[in-house]
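These notes are about the structure you will find just below.
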Amino acid sequence: KQFNNRYYSPPFTASPQGYTLCLRVDANGDGSGEGSHLSIYAVIMKGQHDDRLQWPFTGTIIIELLNWLEDKEHYKKTLTIDTNNDFVRVTEEEYGNNYCYPQFISHSSLNSSTTNTQYLYQDCIRVRVQAIANN
């Protein structure tokens, strides 16, 4: 909450010979989540397997914020992307706001005293991402 830092994950491949993605995380939110939420953006990038993949990407991107205390009660949101979306691939130098949750999770929900969940630990979060193509 103290910082308006923006973080980018290193690029990663969602599956063997799959789409290349990175995540953008705005610690103090962005857009409608500014000041109250953690914002997460999924960015599909140019990758080494693009010639074998269908473009534009259509399918599902699942973003899970992992619970540090137990391997359960992870916080999950799902993005469904169809051909009607205006999607543009970007290079590492051209990070964009492709698919996003400006209000991914509220700051107050990062550490819940009512449930056995802790999504923030020593200023760190753990995120699991899946990209499931329709093809």
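Evaluate the following for Ile61: is it over 30 Å from Asn116 (Cα atoms) and either surrounded by 14 or more Cβ atoms within 10 Å (Cβ to Cβ) or touching a residue at least 24 places away in the same chain (Cβ under 8 Å) (or both)?
The answer is no for Ile61.
Looking at segment 78-111 only, could you name the residues that are at pLDDT below 80, surrounded by 15 or more Cβ atoms within 10 Å (Cβ to Cβ), of a type outside the set (A, V, I, L, M) and assigned to a strand (DSSP E or B)?
The answer is Tyr99, Cys100.
Would you call Tyr75 under 14 Å from the mean Cα position of the chain (by Cα), closer than 23 Å to Ala133 by Cα and open to solvent by 20 Å² or more (accessible area, probe 1.4 Å)?
Taking the combined requirement at face value, the residue satisfies it.
Consider Asp123 against the criteria (1) under 14 Å from Ala27 (Cα atoms); (2) open to solvent by less than 80 Å² (accessible area, probe 1.4 Å); (3) modelled with pLDDT under 85: it satisfies all of them except one. Which criterion is unmet?
All conditions are met except number (2).
If I filter segment 33-56 for residues that are assigned to a strand (DSSP E or B), surrounded by fewer than 19 Cβ atoms within 10 Å (Cβ to Cβ) and charged (D, E, K, R), do I get at least one hit?
No; the residues of segment 33-56 include none that is assigned to a strand (DSSP E or B), surrounded by fewer than 19 Cβ atoms within 10 Å (Cβ to Cβ) and charged (D, E, K, R).
Output the residue which, of all residues in segment 1-16 that are assigned to a loop (DSSP other than H, G, I, E, B) and modelled with pLDDT of 85 or more, is most open to solvent (accessible area, probe 1.4 Å).
Pro10
Quick one: would you say Ala27 is closer than 18 Å to Asn134 by Cβ and among the aliphatic types (A, V, I, L, M)?
It is false that Ala27 is closer than 18 Å to Asn134 by Cβ and among the aliphatic types (A, V, I, L, M).
The values are calculated or read from the model by the stated rules, or taken from the named source; none is laboratory data. None of these values were measured; they are calculated from a predicted model. Every residue, glycine among them, receives a Cβ derived from its backbone with ideal geometry; neighbour counts consider all protein chains shown. Note: areas computed on protein heavy atoms with side chains; ligands, DNA, RNA excluded. Shrake-Rupley method; radii C 1.70, N 1.55, O 1.52, S 1.80 Å.
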